[in-house]
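What follows is a short report on a single structure.
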Amino acid sequence: EDGREVTQCFWWKVPSRNSKLLVIATTISDESPASVEIWDIGSLGSNSKIYEFTMKNTANGNRIDFVRGMASIELNHESENGTKLLSILFAGTSTGHVLGISADEMGFFEHATVVKELRSPITSLASDIKQSPTIVACDEDGNCIVWEFFHEYKDFLQKKTLYATRLPNRRDFYTTCVLRGSVVVTGHRSGLLSFHQVEDEGVFAEVVASTASITSLAVMPTADCVVAGGEDCRASMFEFPRPAWRMTAKDRKASALFYSLCVNSKITGCTFVNLKDEKSLNF
């Protein structure tokens, strides 16, 4: 209604609610700033939007034109009143800043942190599918970085950088990313798929997954498999390769293409469903 466009939707699980919340990221408009809106779709009605975080200008005056990229983690926070579970939503912005919004067991939302290491528009954020307190972030300048978050006693949210790399060709930046344990998978604007080993700080394999930009990735929680969707209307499912320097010649394994299909329009998103039914795995 106010001219803003939706850039992304995200399901967020918070400690105080049985059902997940719908998070909507938006662009700026002539009437309203870019924002993160949190909706309880279990109460469909006029009061279903329960929280909105509006994006103000950064400290140096840069305007935030859009929010893009969202991920969440869970942390135990120890204080004088005991230990409480926090769920933290991260949202990327056009300035490269990554904002954190926390939700506690009582249902309170508050601004938790701002990560300012990146300076170009965020293209993608992803949390670890294995549920560790880490996220991966990519931007339009070709950066890919992995942060681990933690709470020290009576302290604010802290982080440390586990992995950071940058593409030499800025025109071929990372468009999307996923994280599974110590492996980051990134999709390129060129259609390339890269596998990064966080512990060894390097790319250990690359696969051409698309003839155009990769728009979306989904990693399987129960196996080392990833689906890549692209602007060339193709979705392909790959098995993770095995890092050559960690394996004997007998155990080394290249990435295997399990399945590929082509549709009549660009693919904008993909995910795995029916994971409990091994005979009916769809994406």
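Return the loop-located GluC sites (Glu not before Pro) in region 43-122 (DSSP other than H, G, I, E, B) with at most 11 other Cβ atoms within 10 Å of their own Cβ; answer none if there are none.
Numbers: sites: Glu52, Glu74, Glu78, Glu80, Glu105, Glu110, Glu117; in loops: Glu80, Glu105, Glu117.
Answer by residue number: Glu80.
How many Å² of accessible area per residue for region 130-199, probe 1.4 Å?
I get 43 Å² per residue for region 130-199.
Lys/Arg Cβ at +1, Asp/Glu Cβ at -1, dipole of region 2-57 taken about the Cα centre: which of Leu21, Val36, Asn57 is farthest positive-ward?
Highest projection toward the positive end goes to Leu21.
Compute, for region 115-198, the length of the dipole vector about the Cα centre, with Cβ point charges of +1 (Lys, Arg) and -1 (Asp, Glu) only. Units Debye, rounded to 20. Don't skip to the answer; put the middle values down first.
Working: 11 positive and 9 negative charges, 20 e Å.
So the magnitude is around 100 debye.
Using the charge dipole of the chain (Lys, Arg: +1 at Cβ; Asp, Glu: -1 at Cβ; taken about the Cα centre), state which of Val136, Gly230, Thr7 has its Cα farthest towards the positive end.
Farthest towards the positive pole: Gly230.
Debye sum, Cα scatterers, region 1-100, no solvent: what log₁₀ I/I(0) at q = 0.12, 0.16, 0.25 1/Å?
Relative scattering, expressed as log10 I(q)/I(0), comes to -0.45, -0.75, -1.30.
Report, by chain and number, residues whose modeled amide H sits under 5 Å from the one on Val14, excluding near sequence neighbours (fewer than 5 apart, same chain).
Amide H neighbours of Val14: Leu21.
So, with +1 on the Cβ of K and R and -1 on the Cβ of D and E, and no other charges, what is the size of the charge dipole of the chain about its Cα centre, to the nearest 20 debye?
740 debye
Tally Lys/Arg at +1 and Asp/Glu at -1 over every other residue whose Cβ is under 11 Å from the Cβ of Arg180; what's the total?
-1
Can you give the Rg to Rh ratio of region 55-190, both from alpha-carbon atoms, with Rh computed by the Kirkwood formula?
When Rh is taken as the Kirkwood radius, the ratio is 0.99.
Roughly speaking, what is the centre-to-centre gap between region 86-102 and region 177-245 when only Cα atoms are used, to the nearest Å?
Taking the Cα centre of region 177-245 as reference, the centre of region 86-102 is 23 Å away.
Can you pull the accessible area of Cys262 for me, 1.4 Å probe, Å² to the nearest 10?
80 Å²
So what is log10(I(q)/I(0)) for the chain at q = 0.08, 0.09, 0.14 1/Å, when the Debye sum runs over its Cα atoms only?
Scattering profile of the chain, log10 relative to I(0): -0.35, -0.44, -1.08.
Give the peptides 118-125, 266-273 in descending order of average Cβ contacts within 10 Å, highest first.
118-125, 266-273
With respect to the cross-link table entries Lys56/Lys116; Lys49/Lys159; Lys49/Lys130, which display a Cα-Cα separation exceeding 23 Å?
Values: Lys56/Lys116 15 Å; Lys49/Lys159 30 Å; Lys49/Lys130 30 Å.
Exceeds cut-off: Lys49/Lys159; Lys49/Lys130.
Rounded to a whole number, what % of the accessible area of the chain do carbon and sulfur atoms account for, probe 1.4 Å?
Using a 1.4 Å probe with all protein chains present, the chain comes out at 46 percent carbon and sulfur.
The values are calculated or read from the model by the stated rules, or taken from the named source; none is laboratory data. Computed from a prediction, not measured in an experiment: that's the story for all the values here. Methodologically, a virtual Cβ is constructed for each residue, glycine included, from the backbone with ideal geometry; neighbour enumeration extends over all protein chains shown. With ligands, DNA and RNA removed, areas are computed over all heavy atoms of the protein, side chains included. Shrake-Rupley method; radii C 1.70, N 1.55, O 1.52, S 1.80 Å.
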